[in-house]
Amino acid sequence: MESSPTTPTPAFVGASWAALLVGGSAFLTGLWNSHMSLSEKGYYLTVLLFGLFAAVSLQKSVRDRSEGIAVTGLYLGLCWTGVTAAITLMTVGLWNAGMSPSEKGFYAMSFVLSLFAAVTVQKNVRDLAGVERDEGEGGFRALIS
C-alpha cells in the first residue's frame, strides 16, 4: 500500500530539531564535564553516534519497505541489529559504570531522546522532500485529490 507524503507542520519540524539538539547537546555536555577517562568518553560518544546512524537507517529502511521500495531482508536485519546493539551497549556501559544513578539516568534519557529525535528529523526531511518533489510534478493539490 503506497501512501502519499504529508507535509509535517512547522511546529513538529521545529520540535523534532529542538529535541535532537537538546538530547545531543545534553549528552555531549555531560561527557565533556564528566570525570570519566578519555576512553570511557570515547566509548559513550561512539555508542551515541552508532545509535543515531542505526536508528536513522532503520527508519529509512522500514519506510522504504512500506512505500514499496526494495530493501533486502539482510539490510533490514542489519539495521535492527545495529539499533539493538547500540541500545545494549549503552545499557551495559551504564549498568557497569561507576556513576551515580542520577548520572546514569541522565545519559540514558539523553541517549533515548537523541535516537527518537533523529528518527523524527529523518521522517520530516523525507516528508518535506517528497512534498517538494510532488509539487514539481503537478502541485501539492494533486496529492490531496
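Points to keep in mind about this one:
- Filter result for the condition that a residue is surrounded by fewer than 16 Cβ atoms within 10 Å (Cβ to Cβ) and either modelled with pLDDT of 95 or more or farther than 21 Å from VAL131 by Cα (or both), over SER110, SER25: SER25
- Residues in the stretch 89-99 that are free of Cβ contacts under 8 Å to residues at least 40 places away in the same chain and open to solvent by 40 Å² or more (accessible area, probe 1.4 Å): 5 in all.
- Note on the stretch 64-88: residues that are open to solvent by less than 40 Å² (accessible area, probe 1.4 Å) and in contact (Cβ under 8 Å) with a residue 24 or more places away in the chain amount to 5.
- Residue match in the stretch 43-61 (condition: closer than 23 Å to ILE87 by Cα, charged (D, E, K, R), surrounded by 12 or more Cβ atoms within 10 Å (Cβ to Cβ) and touching a helix residue (DSSP H, G or I) at 6+ places or on another chain (Cβ under 6 Å)): no
- Flag: LEU128 does not match the condition of being surrounded by fewer than 16 Cβ atoms within 10 Å (Cβ to Cβ) and more than 19 Å from the chain's Cα centre (by Cα).
- First in the stretch 113-131 and among the polar types (S, T, N, Q), second anywhere and in a helix (DSSP H, G or I) and open to solvent by less than 10 Å² (accessible area, probe 1.4 Å), Cβ under 7 Å, 6 or more apart: SER114/GLY23; SER114/PHE27; SER114/LEU48; THR120/SER16; ASN124/SER16
The values are calculated or read from the model by the stated rules, or taken from the named source; none is laboratory data. The shown structure was predicted, so the numbers you read here are calculated from the model rather than taken from an experiment. All Cβ positions, even for glycine, are placed from backbone atoms using ideal geometry, and neighbour counts span all protein chains on display. Only protein heavy atoms, including side chains, enter the accessible area calculation; ligands, DNA and RNA are left aside. Shrake-Rupley method; radii C 1.70, N 1.55, O 1.52, S 1.80 Å.
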